[in-house]
Amino acid sequence: MLREPDEALLSELRAVVGGSGVMEPGETHLTERRGLFKGQAAALLRPDSAAQVAEVVRLCSAAGVGIVPWGGGTGLVGGQVKADPPRPVLLSLERMRAIRAVSPGQNTITVDAGATLQSVQQAALGADRLFPLSYASEGTATIGGGLAVNSGGLQAIRYGVARDVCLGLEVVTAEGEIWNGLSTLRKDNTGYDLRDLYIGSEGTLGIITGAVLRLYPVPRAKAAAFVSVASPRAAVDLLNTVQDESGGAVAVFELMAQRAVDFGLEYQDGARLPVGTPSPWYVLVEIWGAEQQALDTQLENALGAAMDRGDASDAALAVNEGQRMAFRGLREALSDAQTRQGGSIKHDVSVPVASIPEFIERANGAVTKLIPGSRPVPFGHLGDGNIHYNVTQPAGADRGEFIARWDAVNRAVHDIVAELGGSISAEHGIGRLKRESLVHYADPVKLALLRRLKAALDPQGIMNPGAVLET
Ligand SMILES: Cc1cc2nc3c(=O)[nH]c(=O)nc-3n(C[C@H](O)[C@H](O)[C@H](O)COP(=O)(O)OP(=O)(O)OC[C@H]3O[C@@H](n4cnc5c(N)ncnc54)[C@H](O)[C@@H]3O)c2cc1C
């Protein structure tokens, strides 16, 4: 049975992290950005080393007090906010942002888990290397948070998800030990893979305090196009054509429904549609390599073939880096742009790539039947089979009434995902938002194993109580 920290524990914790290491949690730390959860916490702890994190965990474990790890607060499933009693302590790594070592020779970077994605990308670039994990929240989101949810992002099609770009971890266990797994090895088959266990565990098994990440050569040339495509099926065919034509050089392949792009154009001052005429679907494609002329030719050939087939009707090729970034900026604005249109019910799902067209068609039918006038806004990482299947409220409808249908809409969409052999959480995790859905859709043996792992690694149940699994 967990309890709230009392004054005696708080003063012991203060002694560990120092006066500036304890704060009253503010709105930023307690509010989830979609407004779906309002958190509560007895204190915000800001340790400055793994040793301090370990001491905090030992004290909380002995007292039976819950700990909610907090990175940049950009998670989208409520994993970083706990609404129900007893109040936990929030543990933020905002004072642990150091880049510990960059080794361009062996293509690794070792960082504190509180470092933001952007700071790691910049440190890598300073050594003429690429750190490829990238998404719109990268200026705020931390490496620890990204690893905790096993995030994906725009370049996952080429470099993989957070798990794929991580070689080693330093973790404070739920009992306050420090596991030094900061390995730089690519091959290490010595027993169960603890790294892979902590990655994606959403702070429910331990706290990631450091990581060894993989670096890659900086691509010397990039070609990008914003393409009007006839349908999701045409987009899937275009993906295969560009991969074939470029020898597998696709680094970004994003599908966007016309409505999503229209919302984005409305939202971004000065933005304009990159192609001449509106189309029901658009694709943003980038291929990366060593030689500009070769990439341009490959992309033009692929687009020409798609146009000959009738899959594509128009395309704008980026003529410089500024234009490539403008295409990308339009794609990255889509999520925030939707909030201007009223309430939206979101799904972060994946299905086999070839099933995306069927998924979108069936989901559109199901949600508009359930809520006539609701506006599906599908977009996302088509190359990974990952669609952010978002649904905006009917124009002029009551936001609250629409959001109240969240569970029913989710169920209709997730049922289709399950029938197609997909996943109800592609890259955002389970958090508190999808906990019941996990129970509903997960294989029962898997669920039992997850519960046993949690009990074995966090016997007191203090780590992020109520996230992923029920307490
Ligand atoms: C505008 C926007 C765009 C996004 N785009 C993408 C995208 O393209 N792809 C994608 O995958 N995600 C995307 N995300 C969501 C993504 O999950 C987060 O941005 C990011 O990975 C979370 O990092 P954070 O540091 O903010 O973690 P938080 O939100 O603070 O925490 C997330 C979870 O991780 C846990 N946690 C945090 N730090 C640690 C730690 N050190 N050790 C253990 N557990 C920890 C928390 O308890 C919580 O459960 C987007 C989010 C936003 C707001």
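Any read-out appearing in this document is the output of simple, stated calculations on the displayed coordinates, not a laboratory observation. These numbers were taken from a predicted model, which means no experiment stands behind them. Ideal geometry is used to build each Cβ from the backbone, glycine not excepted, and the neighbour counts take in all protein chains shown.
Using θ = phi - 60° and the Karplus curve 6.51 cos²θ - 1.76 cosθ + 1.60, what whole-Hz ³J(HN,Hα) does each residue of the range 50-67 get, with Gly and Pro shown as x?
3J(HN,Hα) across the range 50-67, in whole Hz: 4, 5, 5, 4, 4, 5, 4, 5, 4, 5, 5, 5, 5, 8, x, 10, x, 10.
Give the average over all directions of the projected area of the C-alpha convex hull of the range 387-471, one decimal, in nm². Before the final figure, lay out the partial values.
Values: hull surface 27.3 nm².
Answer in nm², one decimal: 6.8.
Size of the range 221-335 along its principal axes in angstrom, Cα-based, largest extent first?
36, 28, 22
Using Stokes-Einstein with the Kirkwood hydrodynamic radius over Cα pairs, what translational diffusion coefficient do you get for the range 99-217 at 37 °C and a viscosity of 0.692 mPa s, in µm²/s rounded to a whole number?
Working: Rh = 14.0 Å.
The calculation lands on 234 µm²/s.
Could you compute the net charge surrounding residue 112? Neighbours are other residues with a C-beta less than 15 Å from the C-beta of residue 112; K and R count +1, D and E count -1. Display every interim value, and only then the final one.
On the way: positive: 46, 95, 97, 100; negative: 48, 94, 170.
Combined, the nearby Lys, Arg, Asp and Glu give +1.
Mind giving me the nanometre distance, one decimal, between the label points for residue 319 and residue 38, set 7 Å out from Cα along Cα→Cβ?
Output for this residue pair reads 5.3 nm.
Where Lys and Arg each count +1 and Asp and Glu each count -1, what net charge lies around residue 256 among other residues with Cβ under 13 Å from its Cβ?
Once all neighbours under 13 Å are counted, the net charge is 0.
Taking the simple approach of a point 7 Å from Cα along Cα-to-Cβ for both residue 294 and residue 192, what is their distance in nm?
4.5
Bins of 20 Å, beginning at zero and ending with the bin holding the largest distance: percent of Cα pairs per bin for the chain, please.
24, 55, 21, 1
To two decimal places, what compactness ratio does the range 151-192 give when its Cα radius of gyration is scaled by 2.2 N^0.38 Å? If you can, show how the numbers build up before the last one.
Working: Rg = 13.1 Å, N = 42, 2.2 N^0.38 = 9.1 Å.
Cα Rg divided by the expected 2.2 N^0.38 Å: 1.44.
For residue 308 and residue 118, what is the calculated FRET efficiency with R₀ set at 41 Å and r taken between the beta-carbons, to the nearest 0.05?
0.50
Summing +1 for each Lys or Arg and -1 for each Asp or Glu, what net charge is found among the other residues whose Cβ lies under 15 Å from the Cβ of residue 193? Please list the in-between numbers first.
Working: positive: 163, 186, 187, 195; negative: 164, 188, 196.
Result for the local shell: +1.
Give, in whole angstrom and from largest to smallest, the semi-axes √(5λ) of the equivalent ellipsoid of the range 7-94, with λ running over the eigenvalues of the Cα gyration tensor. Walk me through the intermediate numbers first.
Numbers: eigenvalues 94, 36, 24 Å².
Equivalent ellipsoid semi-axes, largest first: 22, 13, 11 Å.
Tell me, 362, 163 in order of fewest to most beta-carbon neighbours within 10 Å? Each step should come with its number before you reach the end.
Working: 362 18, 163 14.
Going from sparsest to densest Cβ surroundings: 163, 362.
P(r) tail for the range 342-428, what percent of Cα pairs lie past 19 Å? Provide the component values of the computation, followed by the final result.
Values: 1147 of 3741 pairs.
Cα-Cα pairs of the range 342-428 separated by over 19 Å account for 31 percent.
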